[in-house]
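Presented below is the structure to which this report refers.
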Amino acid sequence: MLPEKSRYRPKTCLGRFMDRRLPLLRMIHDLSVNYPVPKNLDYFYTFGGILTLMLISQMLTGIVMAMHYVPDVTLAFESRERFMRDDRFGWLFVSWHAVGASFFFIAAYIHLARGLYYGSHKAPREVVWIIGVLIYLIMMATAFMGYVLVWGMMSSSAAAVVAGLFNAIPVIGPWLHETLLGGYSVGQPTLNRFYALHYLLPFVLVFLIVLHIWAVHVAGQNNPAGIDVRSEKETVPFVPYVMIKDIFAIFVFLVFLAWFLFYMPDYMGHPDNYVQADPLKTSQHVMPEWYFLPFYAMLRAVTFDIGPISSTLGGVIVLAASVLVFLFVPWLDRSQIRSARYRPLYRVFYWLFVADVIFLGWLGSRPADDLYVIWSQAGTAFYFLFFLVVMPFLPRFEKKHMVPASIEEAMRRKRMWRHGR
């Protein structure tokens, strides 16, 4: 990305005074209004703005809910239901927070998939990618703790199952298990811990997102062609060109969110979670929220011991590796070409990988029967083969398309392709 030249010119005496002492408005102007971006960005690049909006939405609705929520095992479920049914607009805040969490992850998965397809993890954007993966990890922890706070049958059972996985870790496992739960089982100390962390972690997300945006501005924005910007003619100011596209994409995204919010607010929930938790009972088929289902399927795929490693510990290792492998993608992908547009064979494996993740998500929602377990094992194997075999070794022999010399040429090719020339 070309170095940026500040074009901010304060027009008032107060503005010039503040600009010399605390140039906050200059920084905002340079990072948004005057920020040059590649002119060939498509709508998949609008999900960064959508994610920022969804985080703000989740924090605001969460703060309102925290004012009415009672973190007590005998009152937690009732306080949420009472707020939803009796308080003014309670139904809106509760549903918005629950549906918003699902749409937050929808946007995150599209954003992550776009990065893998267009090579946003490649140099010089490795740090941008790593911070993005850390944001995803914190999102997962925040969402799981919020799921437990509902204190329904499914969420309390899921908390017991997930906390129990720590027991399989050698040496420190029992300590981690007791520290997380605040005892030997799910109870009042568990709810207190999850409530405090669920309130704290969004502020950690804000910090990481600021770092993520800063890193993008330092390394420069990637683009669908995966080509470095070479002249000012290949860029446009963020305002108004990209901002208008972001606003339109946000509007369309909010239309879908509103549809679920007003017509199907409980569609993505589980029926067992609308029953208050009972420490003497557990759900017959424990399953997490839909956005964790692919990883849950991989956890259940390990049903055998591997030497001294038990099946439970093996499942924990596979579960952790399935997420942490994203941290190493910048070094696993050995191709010199960023965008999958010019890698036809990689595109095939990429879409097979996307289909595999969706398939694993469906398997995670099924009972742990033999047939589903076998399919989960096959899906898990392909999941790791994509990262550990396809990414590092495919570039050695795949036949690539000719990469355009500039963004202008890439746009010209796209126009010709659209017109069938």
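Read the figures in this text as sums done on the coordinates, not as results from a lab. Keep in mind the model is a prediction, meaning the values are calculated, not measured. Note: ideal-geometry Cβ built from the backbone for every residue, glycine included; neighbour counts use all protein chains shown.
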### Task
Tell me the trypsin sites (Lys or Arg not before Pro) within region 296-391 that lie in a loop according to DSSP and have at most 10 other beta-carbon atoms within 10 Å.
none
## Note on the structure
Contour minus Cα-Cα span, residue 406 to residue 393, at 0.36 nm per residue, comes to 2.0 nm
### Summary
The orientation-averaged projected area of the Cα convex hull of region 178-315, in nm², is 15.1
## Note on the structure
With the 8 Å Cα cutoff and a minimum separation of six or more residues, region 1-130 has a relative contact order in percent of 23
### Message
For region 208-234 and region 63-94, what is the centre-to-centre distance using only Cα atoms, to the nearest Å?
### Response
42
### Query
Most fluctuating residue of 123, 168, 405 in a GNM of the chain with Cα springs under 10 Å: which is it?
405
### Query
How about region 236-311: which chymotrypsin sites (Phe, Trp or Tyr not before Pro) there lie in a loop by DSSP and see at most 11 other Cβ atoms within 10 Å?
267, 304
### Task
May I ask you to derive the relative contact order of the chain, considering only C-alpha pairs under 8 Å and at least 6 residues apart, and to give it as an integer percent?
22
### Message
How high is the relative contact order of region 252-316? Use alpha-carbon pairs under 8 Å, at least six apart in sequence, and give a whole percent.
### Response
18
## Note on the structure
Filtering the chain for DSSP H helices with an axial alpha carbon extent of at least 18 Å and a Kyte-Doolittle mean of at least 0.5 returns 47-66, 90-118, 126-149, 153-165, 188-219, 243-263, 311-324, 344-364, 370-385
#### Entry: Contour minus Cα-Cα distance for residue 305 and residue 228 (0.36 nm per residue)
22.9 nm
### Query
Gaussian network model of the chain, Cα springs within a sub-10 Å range: biggest mean-square fluctuation belongs to which of 94, 161, 150?
161
### Query
Stokes-Einstein D for region 244-375 at 25 °C, 0.890 mPa s, Kirkwood Rh over Cα pairs, in µm²/s?
133
### Task
Enumerate by residue number the chymotrypsin sites (Phe, Trp or Tyr not before Pro) in region 4-93 meeting two conditions: DSSP loop (anything except H, G, I, E, B), and at most 14 other Cβ atoms within 10 Å of the site's Cβ.
89
